Amino acid sequence: MRERLKLIVICAVAYFVMDVPVQMTQILPSYAGIKNFLPSVLGLFFGICGVIGCVIGCVLSSCIVNPDMPAVIHECFCITAAGLIMFYGWHITAKTHRPSLKSWPDYARYIVLLAGGCMLCASLPISAAYFLTGLTIGIPVTILFSSLLYIEPIIPRRYTSFPDVEFCLLPNAESLEGANELLEMSAMKRDVKMKRVLEIQSCIEELAIRIRKNNPDAKISVSVIFGEAISARLHYGGKKYNPFRIDTNEDEIDIMSLKIIKHRAIRASFSYSGGENFVHVVV
């Protein structure tokens, strides 16, 4: 719940910051501006959280600069239509429920859903504004979110992917050997190249070594999902320890292993909550 509230606040701030300068200058109509791509993109990735955030941002900016309630209600309706159609339409029609634009069918789906959401807007000018910015700005931002930044989207529960491999690393060599065998067997079933498997095995092993130096008895639970990128999540109990942070007393070998992980990873993140450490690596 806390994470979703953060998403709503971030989306509201993004919409507010992009909307207020346009409304204050009054160079463009109130429905125009760079913020028009946000409902479709944030709705696609964050569903109702993105929609609520954009609606809040719209209401705040309009009430501060141009408190025209009929226009505000109309814009909120358009935000809701664009965002929810992108979100639910994508997950109903796509085989993979992680939004991405990597093939022509993905682009076609994105454009059709964007057009459908914009057609529900009552006036032609605002429909055109949403559609054009959704294409010219929304597509590059979607590629950035899904590929380079590897933003974690919200996925409806019935479409949530379960891990392809799950195991627990214990403080012994046999545990790691068994985990590597599980990874290789699962990768073979999914035609994942061995080079990719070796990369994720190396990252998991290096992280386990760093975690063990801080907590020798830690039981590290690992879950892996194979896809266009390989996602590995590790969590372990004990006091807070971020394995991606370099300490001043670490030697060159430890620092080098950490740099290798960061070099290979698309995403490397850490969080701590309720006495549990959570690590996410994507290669």
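With bins 5 Å wide starting at 0, give me the P(r) of the chain over every alpha carbon pair, in whole percents.
1, 5, 11, 14, 15, 12, 11, 9, 8, 6, 4, 2, 1, 0
Which three extents, in whole angstrom, do the alpha-carbon atoms of the range 183-243 cover along their principal axes, largest first?
Rounded to whole Å, the extents work out to 38, 17, 15 Å.
So which DSSP H runs in the chain come out at 24 Å plus along the axis (Cα) with average Kyte-Doolittle of at least -1.0?
The answer, listed by residue number, is 2-25, 38-65, 69-93, 173-189, 194-214.
Rank the residues Cys63, Cys121 as a footprinting-exposure proxy: fewest other Cβ atoms within 10 Å of their Cβ go first. Write out the running numbers ahead of the final one.
Numbers: Cys63 12, Cys121 22.
Final ranking by Cβ density, sparse to dense: Cys63, Cys121.
For the range 47-125, what percent of Cα pairs sit more than 16 Å apart?
56
So how do Phe131, Phe278 line up by other beta-carbon neighbours within 10 Å, fewest first?
Fewest to most other Cβ atoms nearby, the residues stand as Phe278, Phe131.
What cysteines in the chain have no other cysteine with a beta carbon less than 4.7 Å from their beta carbon?
Cys11, Cys49, Cys54, Cys58, Cys63, Cys76, Cys118, Cys168, Cys203
Averaging the inverse of every distinct alpha carbon separation and then flipping it gives the Kirkwood radius. What is it for the range 100-239, in angstrom units?
Computed over the range 100-239, the radius equals 18.2 Å.
Given the range 2-157, report the % of alpha carbon pairs whose separation exceeds 28 Å.
In whole percent, the long-distance tail amounts to 14.
From the phi angles alone, apply the Karplus equation (6.51, -1.76, 1.60; θ = phi - 60°) to the range 221-234 and give each ³J(HN,Hα) in whole Hz, x where the residue is Gly or Pro.
Values, residue by residue: 7, 10, 10, 10, 10, 8, x, 4, 10, 9, 10, 10, 10, 10 Hz.
Longest span of the chain, sites excluded, free of GluC sites (Glu not before Pro) in DSSP loop with at most 16 other C-beta atoms within 10 Å?
In the chain, the maximal stretch lacking such sites is 1-227.
Can you sort Cys54, Cys76, Cys203, Cys11 by how many other beta carbons sit within 10 Å, fewest first?
In increasing order of surrounding Cβ atoms, one gets Cys76, Cys203, Cys11, Cys54.
Once both labels are modelled 7 Å past Cα along the beta-carbon direction, what's the Leu170-Ser186 spacing in nm?
1.9
Read the figures in this text as sums done on the coordinates, not as results from a lab. Being a predicted model, the structure only gives us computed values, none of them experimental. Ideal geometry is used to build each Cβ from the backbone, glycine not excepted, and the neighbour counts take in all protein chains shown.
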